[in-house]
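Read the structure below first, then the notes.
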Amino acid sequence: MATSPDTNISTSDSLKYWNSIPTTVDGMLGGYPRISRTDLKGSANFLAKLRREYPSPSSNGTLKRGVDCGAGIGRVTAGFLSTVCETIDVVEPIEKFANEVKGAEMAGSGQVGNVYVSGLEDWVPEQQYDLIWNQWCLGHLKDKELVEYLQRCKKAVTIDGWIVVKENMSTNRDWEDIFDETDSSVTRTNEKFHQLFKEADIRCMKTELQRGFPKGLYPVRLYALKP
Ligand SMILES: C[S@@+](CC[C@H](N)C(=O)[O-])C[C@H]1O[C@@H](n2cnc3c(N)ncnc32)[C@H](O)[C@@H]1O
């Protein structure tokens, strides 16, 4: 059996890569800063639809506590999560990025709460969250680490809360995940994500593709998950 691409992931290589990247939106988005607006809008629309389709006592109001996982410099925290959450915790392994989030200007009234300088493979949530947002960072976790991480998220999400995953999709013709040695990450197929959700015993309640990104980029998919 061929080895799974995720076995190539090296945490020290990815930390080395990200430490070499400037604390800018351009750095976070690999040279495509202009997609940030469309991305944040797509995320806001997805969450709004989700809350309409699954009404709960907290459907209309602001969410009490969210967490931006693999937050980088806080692009998503500042540009989107601050408009829907009162407090946003941050998990990010690169210290210079995490420090940047603390000083970031928020688009909404939400404020940054706890900042955990940690990789998600080591992070054990201490709070209950209404929204656990994971974007463009889960490729740094091996398959087994991702399943274990999702199992921890399951315990950390409130009864009406959501775990959202927003990630690039593999376009490999043989339906395989793709290892990228530049940042030591893996780009998974939609099928692999569903397989890992199943292994973590987590339900996918809604999924859709992000629209409006330039051609030539990987397709990006959002998943809304519940225990
Ligand atoms: C492409 S950036 C995305 C940042 C942010 N989520 C956004 O959308 O703007 C990837 C981020 O993942 C972080 N990262 C790298 N390894 C990680 C790990 N093991 N756990 C969590 N985040 C990690 C990087 O430091 C970087 O901030």
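Read-outs: derived from the displayed coordinates by stated rules, not from any lab. Only a predicted model underlies this, so the values are computations on that prediction, with no experimental measurement involved. Positions of Cβ are backbone-derived with ideal geometry, glycine not excepted, and every protein chain shown enters the neighbour counts.
If you take the Cα centroid of segment 1-52 and the Cα centroid of segment 139-188, the two points sit 11 Å apart.
Taking N as the residue count of segment 138-227, its C-alpha radius of gyration divided by 2.2 N^0.38 Å amounts to 1.10.
Its DSSP H runs of at least 4 residues, each contributing -39,500 (n - 2.57), put the calculated 222 nm mean residue ellipticity of the chain at -8500 deg cm²/dmol, to the nearest 500.
From the cross-link list LYS16/LYS215; LYS96/LYS198; LYS154/LYS215; LYS155/LYS192, which pairs have alpha carbons spaced over 32 Å apart? Flagged as over cut-off: LYS96/LYS198; LYS154/LYS215. As an equivalent ellipsoid, the chain spans semi-axes of 24, 21, 18 angstrom, where each value is the square root of five times an eigenvalue of the C-alpha gyration tensor, largest first.
Ranked by the mean number of other Cβ atoms within 10 Å of their residues, highest first, the peptides 203-210, 164-171, 125-132 fall in the order 164-171, 125-132, 203-210. Remark: the ALA107-TRP175 segment gains 20.6 nm on full extension, using 0.36 nm per residue and subtracting the alpha carbon distance.
Histogrammed with a bin width of 5 Å, the alpha carbon distances of segment 44-93 distribute as 5, 21, 27, 24, 14, 7, 2 percent, first bin at zero. Here the relative contact order of the chain, from alpha carbon pairs under 8 Å that lie six or more residues apart, stands at 20 percent.
Each peptide among 29-38, 43-52 gets the average number of other Cβ atoms lying within 10 Å of its residues, and from highest to lowest they stand as 43-52, 29-38. The residues packed around PRO33, meaning those with a beta-carbon under 10 Å from its beta-carbon, carry a net charge of +2 if Lys and Arg are +1 and Asp and Glu are -1.
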